[in-house]
1. For LYS54, LYS45, what ranking results if the residue with the fewest other Cβ atoms within 10 Å of its Cβ goes first?
2. For segment 5-50, what number of Lys pairs, 8 or more residues apart or on separate chains, have alpha-carbon atoms under 16 Å from each other?
3. Relative to the first principal axis of the alpha-carbon coordinates of the chain, what is the inclination of helix 26-36, with its axis defined by its Cα atoms, in degrees from 0 to 90 and to the nearest 10?
4. Quick check: the angle from helix 5-17's long axis to the longest principal axis of the chain, C-alpha only, nearest 10 degrees?
5. Rounded to the nearest 20 Debye, what is the dipole magnitude of the chain about its Cα centre when Lys and Arg each give +1 and Asp and Glu each give -1 at the C-beta?
6. Just flag the GluC sites (Glu not before Pro) in the chain sitting in loop per DSSP whose Cβ has no more than 14 other Cβ atoms within 10 Å.
7. Where is the GNM fluctuation largest for the chain (alpha-carbon springs, 10 angstrom cutoff): LEU32, LEU16, LEU42?
8. For ASP23 and MET49, what is the calculated FRET efficiency with R₀ set at 25 Å and r taken between the beta-carbons, to the nearest 0.05?
Amino acid sequence: MMLDVDLIDYVIIHELCHTIYFDHQKEFKNLLNRITKNSAGLNKKLKEMSFVLKIEY
């Protein structure tokens, strides 16, 4: 839970969209964008925060 709530919500919504569309084709992206209103921006922000998700042993 080291991410902002909006990014956590985005990841959950992204995965739930995969229950309808199994790939990242146009229909999937349209659905994701209809729900989040800013899927491209949230995806970019998630990629920028990817260092938070890496665990070092």
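1. Fewest to most other Cβ atoms nearby, the residues stand as LYS54, LYS45.
2. Close lysine pairs under the 16 Å cut-off: 4.
3. 70
4. 40
5. 260
6. Sparse-neighbourhood loop GluC sites (Glu not before Pro): GLU56.
7. Evaluated over the chain, the most mobile residue of the options is LEU16.
8. Calculated transfer efficiency: 0.55.
Every number in this text was worked out from the coordinates using simple rules, so none of it is lab data. All values reported here derive from a predicted model rather than from experimental measurement. Neighbour counts run over all protein chains shown; Cβ positions are idealised from the backbone, glycine included.
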